[in-house]
């Protein structure tokens with residue numbers, strides 16, 4: 001397993017603080033309490049009843065909010081101190097009026113309110129169309145010096161209307177890191193080279209979290225400015241960071257280039273600093289393809305190409321189609337075109353705006369290369385399979401991966417080794433594939449002499465139900481067994497994780513980057529040399545020890561080759577089918593660029609929808625600039641939902657949200673984290689430890705609602721209660737659960753509406769049971785028992801029939817051979833589920849001809865060439881999902897005839913060609929062999 005985090009790293013990984021301690025929300029709560037208190041004070045003052053105790057209570061609230069108010073522009077520390085002075089002078093009426101005004105502005109506009117008031121006479125009100133952000137100045141300069149810099153920057157901003165900002169001064173490393181964590185408006189950090197480490201007025205909730213960083217910097221004698229930049233890059237890597245130094249830059253160490261976007265010599269030019277600050281944010285805001293599309297739509301163009309709908313003439317000139325134009329609006333049609341000129345670029349061979357948009361996305365998501373996909377992540381998965389695999393290659397894959405992977409393997413002609421995830425039997429769902437299972441299968445293939453053919457591992461991160469792997473840990477140990485192994489992490493539901501630092505460490509791209517940096521370091525070489533010495537002269541990755549102990553890759557052989565596919569539309573602001581393919585592959589140019597080009601040409605339409613491409617460009621922009629704030633709020637909302645359901649006795653009687661202790665077996669939770677809310681729930685330290693070290697964690701934004709105690713299975717609860725009564729849409733059900741996602745699109749109003757609706761259902765159920773007869777109550781109890789105690793066992797992968805096991809004995813299956821054998825009608829027959837049970841009892845081996853996929857969630861319970869087991873038949877009988885791809889209830893299961901199996905078994909497997917390296921050819925988004933720059 002990967003090394004546990006040091007105390008330094010652990011201390012700063014508690015970035016889910018919004019879900020445990022939320023200083024920003026505490027601040028708003030204190031301001032609202034302050035408004036209420038001064039209103040009461042005003043009433044007492046009118047009656048002449050103000051006592052010193054009353055005034056002391058108001059002053060205590062000012063003292064309570066002061067440490068965190070220093071980290072915001074509005075109302076800010078200066079206004080806070082003026083209000084406190086009013087209270088001391090007993091200017092009660094003026095105080096009450098000003099507090100109400102400021103709290104009203106704060107509630108509506110947050111820090112942007114500083115642009116809407118001329119309280120200090122320093123700035124006129126800004127137009128609504130302008131974009132506001134905060135520039136954090138980390139410098140302990142005197143107040144008079146800061147005021148001089150502030151005036152200079154305000155003057156330099158004159159004439160700028162699109163991007164407006166205010167300066168916020170903090171005076172220590174500690175204050176800077178807290179401000180970055182709690183103030184979502186901070187987009188830029190200007191850091192002084194020399195400043196104190198610790199705050200003179202710390203935020204108490206976060207002091208213990210940041211103390212390890214400060215102590216480590218103290219021990220090492222690190223420059224304070226470098227400490228700020230290093231941790232800002234880890235906490236919020238998308239921010240612009242600039243260094244202010246008094247030193248001559250001649251001879252200065254160039255390591256600052258990686259930490260700072262630019263280095264300034266003192267505050268010598270307010271104009272130059274202002275231009276740099278605004279240009280940095282403007283560049284992150286820029287959407288190359290969307291900007292080009294808007295420009296194209298605004299031009300007068302004659303439409304003689306292949307899309308009649310372009311420019312809307314065929315719609316608006318129609319007597320029968322005008323309602324289409326009214327519904328969608330003119331811009332949709334103005335932006336339609338089959339052109340790849342005029343700045344629009346080609347998705348298949350991008351050289352302009354799409355190429356630039358993909359490069360910006362790669363930087364935002366931490367990839368070396370990013371490719372836009374407009375046919376959904378199903379297509380992105382197939383592109384990766386075709387890129388990395390040749391016929392006869394062996395792939396290790398979780399049987400519960402999305403069906404697109406399985407079809408991709410058919411197309412690639414790879415031999416499949418299916419892996420079983422751990423079962424969560426009480427809720428009829430699967431978790432993830434244990435690292436021990438992955439290692440055992442890879443070592444088995446090694447012993448069988450098949451390791452040279454093993455090419456790819458495919459896993460889902462995070463799963464439908466929110467179970468998240470430890471990718472760095474998994475890849476490290478498997479690369480010790482097979483140094484050139486490739487990884488495809490299906491992150492269809494996990495695109496948001498990049499923007500919450502606690503979750504970011506478990507994304508494929510971040511894990512690949514960290515692993516690559518570690519494996520190339522001098523410290524790792526020493527670690528590996530010592531490990532090899534302890535292992536002796538034999539094979540370091542053989543025998544029982546290899547299963548039980550942590551394995552280390554050979555730094556001279558290992559290659560980090562990682563791919564991640566993300567359904568941008570599933571968790572970010574993109575249209576349906578808009579997805580991204582992210583790459584961190586050290587051999588990309590040499591071994592993958594050419595086949596990826598061909599795979600892209602194979603699977604991507606030659607007529608991509610420009611709106612989908614533009615939405616990917618825009619989703620990247622939004623998350624670059626406000627992803628941290630939006631994802632943090634989604635986590636807050638999810639945690640509040642968990643709290644409300646647990647705290648409400650009536651709701652908790654019938655409806656419960658599953659937590660880590662139900663979803664992740666204890667063996668995979670070394671941290672001991674059991675639950676996020678309720679008695680014994682996780683604090684910052686426990687949550688930090690779990691996300692840093694546990695083999696699996698549960699993402700709290702995936703809200704799995706246990707419905708069995710209502711007497712309804714998941715499908716019934718979704719259709720009858722959520723859809724019909726409440727108008728609430730959800731994606732996924734199991735036999736006794738419904739899955740809800742707390743995405744960036746869910747609002748606090750949505751949460752309130754959901755909770756109110758669930759409470760109404762609980763009240764209705766309570767009334768019904770109170771009035772039920774004995775027979776009705778027994779019937780209800782039987783329904784509950786059927787979906788809690790009498791669940792069918794979850795079937796493991798039963799194995800391929802010998803006719804479709806090309807190497808035999810190690811579980812490889814020839815999906816492609818079985819898939820196409822079923823194309824001939826005489827090779828297949830249908831058997832009903834009762835007939836299947838009878839046939840199995842009589843000893844006949846039933847073998848599926850096709851994929852059988854309940855949808856959702858979209859993974860197969862049968863694949864071509866797989867033997868049908870009694871457990872699978874029983875499970876299918878009790879499925880509550882009405883849409884099962886590949887299965888027709890009126891006909892039954894499609895299975896191979898016995899004669900077809902005999903012929904397949906007697907036919908020798910086709911000879912597998914020797915692997916050949918593919919020649920160089922640039923991938924989409926490249927102009928030659930040079931990787932796309934970021």
Filter segment 31-63 down to residues that are within 40 Å of the chain's Cα centre (by Cα) and at pLDDT below 90, then give me how many there are.
-> 0
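Scan segment 390-403 for residues that are more than 25 Å from residue 792 (Cβ to Cβ) and part of a loop (DSSP other than H, G, I, E, B) and report the count. Talk me through it step by step, then tell me what you get.
We begin by selecting, within segment 390-403, every residue more than 25 Å from residue 792 (Cβ to Cβ); these are 390-396.
Next cut, part of a loop (DSSP other than H, G, I, E, B) only: 390-393.
Selection size over segment 390-403: 4.
State the number of residues belonging to segment 203-232 that are under 25 Å from residue 631 (Cα atoms) and touching a strand residue (DSSP E or B) at 6+ places or on another chain (Cβ under 7 Å).
Number of matching residues: 3.
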The one condition residue 630 fails out of (1) in a helix (DSSP H, G or I); (2) without any contact (Cβ under 8 Å) to a residue 60 or more places away in the chain; (3) crowded, with 19+ Cβ neighbours inside 10 Å is (2)
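Quick one: which residue in 516, 511 is assigned to a helix (DSSP H, G or I), more than 11 Å from the chain's Cα centre (by Cα), surrounded by 24 or more Cβ atoms within 10 Å (Cβ to Cβ) and at negative phi? So that I can check it myself, show each step before the final result.
On the way: 516 fails: surrounded by 24 or more Cβ atoms within 10 Å (Cβ to Cβ).
Answer to the check: 511.
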For segment 327-369, the count of residues that are under 22 Å from residue 624 (Cα atoms), out of contact with any strand residue (DSSP E or B) (no Cβ under 9 Å at 6 or more places or on another chain) and part of a loop (DSSP other than H, G, I, E, B) equals 1
Could you count how many residues in segment 821-840 are without any contact (Cβ under 8 Å) to a residue 24 or more places away in the chain and in a helix (DSSP H, G or I)?
-> 4
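Looking at segment 785-807 only, could you name the residues that are in contact (Cβ under 8 Å) with a residue 24 or more places away in the chain, in a helix (DSSP H, G or I) and surrounded by fewer than 16 Cβ atoms within 10 Å (Cβ to Cβ)?
Filtering segment 785-807 down to residues in contact (Cβ under 8 Å) with a residue 24 or more places away in the chain leaves 787-788, 791-804, 806-807.
Now narrow it down to the ones that are in a helix (DSSP H, G or I): 802-804.
Residue satisfying the conditions is 802 alone.
Mind listing whichever residues of segment 181-202 are touching a strand residue (DSSP E or B) at 6+ places or on another chain (Cβ under 6 Å) and within 18 Å of residue 284 (Cβ to Cβ)? Full working, then the answer.
First, the residues of segment 181-202 that are touching a strand residue (DSSP E or B) at 6+ places or on another chain (Cβ under 6 Å): 185-193.
The answer is 185, 186, 187, 188, 189, 190.
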Only listed residue being part of a helix (DSSP H, G or I), out of contact with any helix residue (DSSP H, G or I) (no Cβ under 9 Å at 6 or more places or on another chain) and not assigned by TED's automatic domain parsing to the domain that holds residue 741, chosen from 523, 546 = 523
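Could we say that residue 406 is closer than 30 Å to residue 662 by Cα, touching a residue at least 12 places away in the same chain (Cβ under 8 Å), part of a helix (DSSP H, G or I) and touching a strand residue (DSSP E or B) at 6+ places or on another chain (Cβ under 9 Å) here?
Numbers: closer than 30 Å to residue 662 by Cα: yes; touching a residue at least 12 places away in the same chain (Cβ under 8 Å): yes; part of a helix (DSSP H, G or I): yes; touching a strand residue (DSSP E or B) at 6+ places or on another chain (Cβ under 9 Å): yes.
Here the answer is yes, as residue 406 does meet what is asked.
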Selection from segment 419-438 of residues assigned to a helix (DSSP H, G or I) and either free of Cβ contacts under 8 Å to residues at least 60 places away in the same chain or under 17 Å from residue 477 (Cβ atoms) (or both) yields 435, 436, 437, 438
Taking segment 825-840, which residues are loosely packed, with under 15 Cβ neighbours inside 10 Å and touching a helix residue (DSSP H, G or I) at 6+ places or on another chain (Cβ under 8 Å)?
-> 826
Out of all the residues in segment 851-886, which are under 33 Å from the mean Cα position of the chain (by Cα), in a loop (DSSP other than H, G, I, E, B) and at pLDDT 85 or above?
-> 851, 860, 861, 863, 864, 886
Residue check, residue 416 part of a strand (DSSP E or B) and closer than 30 Å to residue 810 by Cα = yes
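Please state which one of 266, 299 is surrounded by fewer than 18 Cβ atoms within 10 Å (Cβ to Cβ), over 32 Å from the mean Cα position of the chain (by Cα) and at positive phi. First the steps, then the outcome.
Working: 299 fails: at positive phi.
That would be 266, the only listed residue that is surrounded by fewer than 18 Cβ atoms within 10 Å (Cβ to Cβ), over 32 Å from the mean Cα position of the chain (by Cα) and at positive phi.
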Kindly provide the set of residues from segment 662-694 that are touching a helix residue (DSSP H, G or I) at 6+ places or on another chain (Cβ under 7 Å), under 22 Å from residue 641 (Cβ atoms) and without any contact (Cβ under 8 Å) to a residue 24 or more places away in the chain, ordered by number.
-> 674, 675
Assess whether residue 614 counts as being touching a helix residue (DSSP H, G or I) at 6+ places or on another chain (Cβ under 7 Å), surrounded by 23 or more Cβ atoms within 10 Å (Cβ to Cβ) and under 26 Å from residue 514 (Cα atoms).
-> no
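In this structure, does residue 471 turn out to be modelled with pLDDT under 95 and crowded, with 18+ Cβ neighbours inside 10 Å? Even if it seems obvious, please write down each step before you answer.
Details: modelled with pLDDT under 95: no; crowded, with 18+ Cβ neighbours inside 10 Å: yes.
It is false that residue 471 is modelled with pLDDT under 95 and crowded, with 18+ Cβ neighbours inside 10 Å.
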Taking segment 369-388 as the region of interest, how many residues are buried (at least 24 other Cβ atoms within 10 Å of the Cβ) and closer than 25 Å to residue 821 by Cβ?
-> 3
Odd one out for residue 540 among (1) crowded, with 17+ Cβ neighbours inside 10 Å; (2) farther than 20 Å from residue 695 by Cα; (3) modelled with pLDDT of 95 or more | (3)
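Residue-wise test of (1) more than 22 Å from residue 133 (Cα to Cα); (2) touching a helix residue (DSSP H, G or I) at 6+ places or on another chain (Cβ under 9 Å).
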residue: 262; (1), (2): no, yes
residue: 266; (1), (2): yes, no
residue: 274; (1), (2): no, yes
residue: 287; (1), (2): no, yes
residue: 295; (1), (2): yes, no
residue: 298; (1), (2): yes, yes
Selected residue (only one of 558, 562 is at pLDDT 95 or above, crowded, with 23+ Cβ neighbours inside 10 Å, in contact with a helix residue (DSSP H, G or I) (Cβ under 9 Å, 6 or more places away or on another chain) and closer than 27 Å to residue 698 by Cα) = 562
Single residue of 459, 488, 411, 445 found to be in contact with a strand residue (DSSP E or B) (Cβ under 7 Å, 6 or more places away or on another chain) and assigned to a helix (DSSP H, G or I) | 445
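Looking for something outside any helix (DSSP H, G or I), farther than 20 Å from residue 665 by Cβ, at pLDDT 90 or above and outside the structural domain of residue 430 (by TED's automatic domain parsing) - is there at least one such residue anywhere in segment 691-700? I'd like the intermediate steps shown before the answer.
Initially, segment 691-700 is screened for residues outside any helix (DSSP H, G or I), giving 694-700.
Okay, now just the ones that are also farther than 20 Å from residue 665 by Cβ, so none.
No, segment 691-700 contains no residue that is outside any helix (DSSP H, G or I), farther than 20 Å from residue 665 by Cβ, at pLDDT 90 or above and outside the structural domain of residue 430 (by TED's automatic domain parsing).
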Residue in segment 148-165 that is more than 25 Å from residue 223 (Cβ to Cβ), touching a strand residue (DSSP E or B) at 6+ places or on another chain (Cβ under 6 Å) and surrounded by 21 or more Cβ atoms within 10 Å (Cβ to Cβ) present = yes
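The values are calculated or read from the model by the stated rules, or taken from the named source; none is laboratory data. Every value quoted in this text rests on a predicted model; they were computed, and no experiment measured them. Note that each Cβ is placed from the backbone with ideal geometry, even for glycine, and that neighbours are counted across all protein chains shown.
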